Amino acid sequence: MAEFKKAGSMLEWFDQRLGVINFTKVMMTEYWIPKNINFLWAMGVLLTMLFTMLLVSGIFLLMYYKPDVNMAFDSVNYTIMQEVAYGWLFRHIHAVGASVVFLIIYIHMFTGIYYGSYKKGREMIWISGMLLFMLFSAEGFSGYMLPWGQMSYWAAYVITEIFGGIPFIGDELVVWIRGNFYVADATLTRFFMLHVLLIPLAILGAIVFHFYSLRFPHVNNEKGEFFDFEAEEKKYLAGDKKGSKVIPFWPVFLSKDVFVMGVFLIFFFYLVFFHYSFAMDPINFDKADGLKTPAHIYPEWYFLWSYEVLRGWFFEIAGISGKSLGLMAFGFANVIFLLIPWLDRSPLVKPANQRPMFKYWFWLMIADLMVLTEFGKLPPTGPNAWVGFGASLTFLVLFLSLPIITKMESKKKAGGK
Amino acid sequence: MKEFKILAVIMALVGITYYGIEPYAHSVMHPEVAAADFSFNDLHNVDTKLVGNVENGKTLVEANCIACHAIDAAGHPAVMSNADAAASYGVVPPDLSHAGRIYDANYLANFIFDPVSAMHLQHKFSPDSGKTFPMPSYNWMAPQDIVDIVAYLKSVAVKVTDDKEGHKATFEAACGRCHNMKYAGFEATTPVDVIKAHMGATPPDLSQYIKSRGEHYLHSFINDPQILLHGTSMPRVGLNEKAQEDVIAYMEEIGDSKKAERNSLGIWVMGYMVIFAFLAYLWKRKIWEEVH
Ligand code: HEM
């Protein structure tokens, strides 16, 4: 073992044992970020903060929540909301946070697509990000069941029912997932376990992995420019802070993020205190009743687009039932974003608006997702069903044509403006 | 500035989506309904312009009503236990101590004349349905007599304070024979299964209905349930505007008891965040001056 000198300060004492000085350099003061970025690059830090808020508020809820079909509803709506001091605040933060986290995830994701931040070495960043998206989806879905309201019950019923469409094993699979023939106590207790233990653990792991995957390729920048990070670092450390193309994570990058966070939190707390019903559906304040189907069943807003991709296929085509077609489209929608790095055949890393064809594709895709989201909520009757079908079909066509469009784009101009 | 442009684009896209899935979708799923009618204009069997005579009303009530109804305020106790009354009538007849205060006078007179049509329950209690309503119609009485009864009920009506206690009294008088309010520890005077057998539907526990239905819905629903829930067994109870407001206020006091705390704390937290954001901006400016 190495000789230990008597430490002259507390910092030195810790440094001897944990190497904190070097650790801070590697993680913070000499972790380099490009300078030409805008506030869209603050979304990752916002997400980390939101996850922390969900974790902390969730732990408080966990102290009073009772995962039992006879007690869950009252433990949330009476004990937590009305008896426990500031229990309502934790619930509002948790429910609004769970909804808003998806808004930020979507902004983060579409920023990545817009700037092409998923290719040329950044594939693993994208994949680990999509993994987080899937884990958060599972977390949101399992959490929504816990208050055991009408929408908890019926959304769980409808979504688990979807798996019944899988050939051969479908029926057994539904029973396996629910732990019963219908959504019941066994379903609640297992989703409770997933929600408070397994998925949060996996999310923590995935966050670490996501951050690690950023280390080597570095984050992208507003122009999609590639430059020599080492040379720029040296410039910065030598004192040419203005001339260097990079900034350190701490304090320069974070000082901007903290400001963005401040502005975001004004908006966030406005929602938490004064405008929360978008995240806490009124219908969910009716206790779950397996005999009373609500007039309108819809998932949380962040699932609406994929729900509509599923629902859009309502008639038989070539002997395949609408239900099966919908299921196939739904499966497609859920994996296709993961494959974007390989669907985009153009080597160009540029913001979408500077790409001659991709820019149309990008804004069309956004518009289509908005239409899907809207019609995923509206009752699927009359013309709505056809709009849903059109938007769902457009979604498939858009993604299937992406390789062709980007291939043409890269041929059309090998260089670009 | 470029960052503002980006922000504006995001806000526009999020705003449009929000508008579509919240206000707009709700307007499609829950279409607007006619405003509440607190004069109960559809009822005109009894001319309520007549001037009531309290003395005669007292005689008539004692002869006709107290066989079923308690009127605690006038010293008439219930003749049966709740359990027996529930078994005999299907619904426990309410204590009429508050009747003169909570019901609209026109409604009340017409209710005494013919309860079923006043409650809009013809679809449940008609000669063809084979079910008879437990309270008789007093359509054989002269309008003057009915108006006298109403005048008497008004004269004995208990006054209540305009606070949670008062709201509670109104709620229990108006809804308490059918609905539980679990979060206030209140159980309906009629047992749930008896009501279900009698009316064909279970009156829900109202503890969270201020949240699940909201004030707007309740305002219209209580005034005339058939408009929003066509064919329902929930009767039109005929509350006047003040009494209905008290009932809704009580539902909020029980179902959303932290509302005041939420609103006042909200302002402070937001104010704190504004200051935080401002200081963060100054700090950011200072740091970025060195690199720009
Ligand atoms: C990772 C992000 C998370 C998301 C997206 C999420 C999402 C949700 C959602 C949508 C609900 C239902 C909200 C409501 O209607 O009240 C919920 C409830 C709940 N969550 Fe989470 N959650 C997350 C993390 C956690 C964590 C880490 C814990 C605790 C270890 C936790 C514990 C709970 C509990 C106990 C409830 C039930 C109480 C309630 O419904 O208010 N959550 N969660």
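The values are calculated or read from the model by the stated rules, or taken from the named source; none is laboratory data. Owing to the predicted nature of the structure, the values given are computational and were not obtained by experimental measurement. Glycine gets a Cβ as well: all are built from the backbone with ideal geometry, and neighbour counts include every protein chain shown. Accessible surface is based on the protein model in full, side chains and every heavy atom, while ligands, DNA and RNA are left aside. Shrake-Rupley method; radii C 1.70, N 1.55, O 1.52, S 1.80 Å.
Would you work out which of B:113, B:223, B:207 lies farthest towards the positive end of the dipole of the protein assembly as shown, given +1 charges on the beta-carbon of Lys and Arg and -1 on that of Asp and Glu, about the Cα centre? With unit charges placed on the Cβ atoms, the residue in question is B:207. Interface size, chains A and B: roughly 5100 Å² of accessible area buried, both sides included, 1.4 Å probe, rounded to the nearest 100. Looking only at B:93, B:225, B:204, which one moves most when chain B is put into a Gaussian network model with springs between Cα atoms under 10 Å? So, out of B:93, B:225, B:204, the one fluctuating most is B:204.
Let me make sure I get this right: for the range B:36-255, a, b and c are the square roots of the gyration tensor eigenvalues over alpha carbons, sorted descending. Under 1.5 in a/c it's rounded, otherwise prolate if a/b > b/c, else oblate. Which is it? Judged from the Cα gyration tensor, the range B:36-255 comes out rounded (a/c under 1.5). Axis of helix B:2-19 versus longest Cα principal axis of chain B: the two differ by about 20°, to the nearest ten degrees. When the charge dipole of chain A is built from unit charges on Cβ atoms (+1 for Lys and Arg, -1 for Asp and Glu) and taken about the Cα centre, the candidate among A:322, A:217, A:124 whose Cα reaches farthest toward its positive end is A:217.
Lysines within cross-link reach of residue A:66: Cα-Cα under 29 Å, excluding same-chain residues under 8 positions apart? Straight-line reach from residue A:66, under 29 Å: A:287, A:292, B:182, B:211, B:258, B:259.
Remark: the range B:134-147, residue by residue, has Karplus-estimated 3J(HN,Hα) of x, 9, x, 7, 9, 6, 7, 6, 5, x, 4, 5, 5, 5 Hz, where x stands for each Gly or Pro and the curve is 6.51 cos²θ - 1.76 cosθ + 1.60 at θ = phi - 60°. Partner shielding of A:251-263 amounts to 6, given as the average count of beta-carbon atoms from other chains within 10 Å of each residue beta-carbon. Per residue, the average separation of C-alpha pairs within less than 8 Å and at least 6 apart gives the range A:298-417 a relative contact order of 39 percent.
Between residue B:137 and residue A:62, what FRET efficiency comes out of the Förster formula 1/(1 + (r/R0)^6) with R0 = 56 Å and r the beta carbon distance, rounded to 0.05? List each step's numbers first, then the result.
On the way: r = 57 Å, r/R0 = 1.02.
That pair, residue A:62 with residue B:137, gives E of 0.45.
Could you check how much of the accessible area of chain A is carbon and sulfur, as a whole percent, using a 1.4 Å probe? Here it works out to 70 percent. Look at the stretch B:257-263: the mean tally of other chain Cβ atoms within 10 Å of its residues' Cβ atoms is 4. The amide H of residue A:247, built 1.01 Å from its N in the peptide plane, has A:33, A:35 as neighbours under 5 Å, considering only residues 5 or more places off or on other chains. In chain A, if the dipole is taken from +1 on Lys/Arg beta carbons and -1 on Asp/Glu beta carbons about the Cα centre, which of A:181, A:380, A:103 is farthest to the positive end? Result: A:103, furthest along the dipole toward the positive end.
The string of couplings for the range A:189-198 from the Karplus curve (6.51, -1.76, 1.60, θ = phi - 60°) is 5, 6, 5, 4, 4, 4, 5, 9, 10, 5 Hz, one whole number per residue in order, with x for Gly and Pro.
For residue B:186, nonlocal amide neighbours, meaning residues 5 or more places apart or on other chains whose placed amide H falls under 5 Å from its own, are B:181.
At a 1.4 Å probe, what is the % contribution of carbon and sulfur to the accessible area of the range B:86-140?
Values: 1300 of 2230 Å².
Within the range B:86-140, the accessible surface is 58 percent carbon and sulfur.
Per residue, the accessible area of the range A:68-180 comes to 34 Å², computed with a 1.4 Å probe over protein heavy atoms only. Once backbone amide H atoms are built at 1.01 Å from N, residue A:149 has A:288 as its partners under 5 Å, excluding neighbours fewer than 5 places away on the same chain. For the options B:263, B:53, B:223, a Gaussian network treatment of chain B with springs between C-alpha atoms closer than 10 Å singles out B:263 as fluctuating the most. Every helix of 4 or more DSSP H residues in chain A counts as -39500 (n - 2.57), and over all residues that averages to -19000 deg cm²/dmol at 222 nm. Here the Karplus curve 6.51 cos²θ - 1.76 cosθ + 1.60, taken at θ = phi - 60°, turns the phi angles of the range B:73-78 into couplings of 4, 10, x, 10, x, 5 Hz, with x standing for Gly and Pro.
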